[in-house]
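Take a look at the structure below.
The values are calculated or read from the model by the stated rules, or taken from the named source; none is laboratory data. Please read these numbers as outputs of a predicted model, since none were measured by experiment. Note that we place each Cβ from the backbone using ideal geometry, even for glycine, and neighbour counts take in every protein chain shown. When the accessible area is computed, the model is the full protein with side chains, heavy atoms only, and any ligands, DNA or RNA have been set aside. Shrake-Rupley method; radii C 1.70, N 1.55, O 1.52, S 1.80 Å.
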Amino acid sequence: GDVLRDCHDAAAVAQVASTLVGETLDVAGAGFGRIDATTTQIEIESDWTRLGGPMLAGRRALAEFGALHGPIERGEAVVVRDVQTDSRTLERADALLAMPIGAFVIVPVRRDGRTVSAVLVHDPAPRRWRPEEIVFLRKVADRVEVGMAQVESETRQTLLIQELAHRLKNTLSMVQAIASQTLRGSVDRS
């Protein structure tokens, strides 16, 4: 939380969180991404990988990971221990193994009644994910979402302040122009 608090843009929040998760869980890769309104695409700005690990950064269809739409849309964590044996990933197993992703977890975050983002972690081989790892991922996902919301709020506030300053400057220019026009025709009679 302390490290995320010092981040001032969304990419920094995502990078710090991905690195923290990847190193803490000792996985091949980790990333944080925004999920679109249809819950079909995820945009991962930046991710963390072990040396030589597969990069997840970029826009990806969630279907690339298997039949996961329902659980992600409901905000449920998707825990896949082995892409070759999990019924949700069987059809995509060869493509996932080629990345190489043999096991993964996706923890979605919901805001205002819809799924808006998710934390992803993956390993090249099958892995038994421990319950405390899932709890950790859920906590990180929630904190990252709060950090992202704070960054977005600060960005909106900065834009509003700039717009207000611009409008105030325009208003003062108009008042000055009106005063100048009004005084131009007057004669000093003192």
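Does segment 59-69 contain at least one residue that is open to solvent by less than 10 Å² (accessible area, probe 1.4 Å), over 11 Å from Ile106 (Cβ atoms) and not in a helix (DSSP H, G or I)? No: zero hits. Going by the structure shown, is Arg50 touching a Gly at 6+ places or on another chain (Cβ under 8 Å), under 17 Å from Asp123 (Cα atoms) and open to solvent by 40 Å² or more (accessible area, probe 1.4 Å)? Yes.
Among the conditions (1) open to solvent by less than 10 Å² (accessible area, probe 1.4 Å); (2) in a loop (DSSP other than H, G, I, E, B); (3) modelled with pLDDT under 90; (4) not acidic (Asp, Glu), the only one that Met55 does not satisfy is (1). Considering only residues in segment 8-27 that are open to solvent by less than 10 Å² (accessible area, probe 1.4 Å) and either of a type in the set (A, V, I, L, M, F, W, C) or assigned to a strand (DSSP E or B) (or both), the one that is farthest from Leu96 (Cα to Cα) turns out to be Val13.
Per-residue answers, yes or no, for (1) touching an Asp or Glu at 6+ places or on another chain (Cβ under 9 Å); (2) within 21 Å of Val83 (Cα to Cα); (3) aromatic (Phe, Trp, Tyr):
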| residue | (1), (2), (3) |
| --- | --- |
| Gly22 | yes, yes, no |
| Ala30 | yes, yes, no |
| Asp36 | yes, no, no |
| Gln41 | no, yes, no |
| Glu45 | no, no, no |
| Ala61 | no, yes, no |
| Glu64 | no, yes, no |
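If you filter segment 80-137 down to residues that are of a type in the set (Ser, Thr, Tyr) and open to solvent by 20 Å² or more (accessible area, probe 1.4 Å), you find that the one that is farthest from Thr49 (Cα to Cα) is Ser87.
Pairs linking a residue in segment 150-173 that is closer than 21 Å to Ala14 by Cβ to a residue that is at pLDDT below 85, with Cβ atoms under 7 Å and 6 or more positions apart or on different chains, are Val151/Cys7; Val151/His8; Val151/Asp9; Val151/Ala10; Val151/Val13. What do you reckon, is Ala77 under 19 Å from the mean Cα position of the chain (by Cα), in contact (Cβ under 8 Å) with a residue 24 or more places away in the chain and open to solvent by 20 Å² or more (accessible area, probe 1.4 Å)? Yes.
Of all residue pairs spaced 6 or more apart or on separate chains, those with beta-carbon atoms under 6 Å, a first member in segment 92-106 that is free of Cβ contacts under 8 Å to residues at least 40 places away in the same chain and a second member that is polar (S, T, N, Q) and part of a loop (DSSP other than H, G, I, E, B) are Ala93/Gln84. Tallying residues that are in a helix (DSSP H, G or I) and of a type outside the set (A, V, I, L, M) within segment 82-125 yields 3. On the stretch given as segment 49-82, residues that are touching a helix residue (DSSP H, G or I) at 6+ places or on another chain (Cβ under 7 Å), among the aliphatic types (A, V, I, L, M) and over 20 Å from Leu25 (Cα atoms) total 3. Of all residues being at pLDDT 85 or above and of a type in the set (S, T, N, Q) in segment 118-172, which is farthest from Leu97 (Cα to Cα)? Just the residue, please. Going through the qualifying residues, I end up with Thr171.
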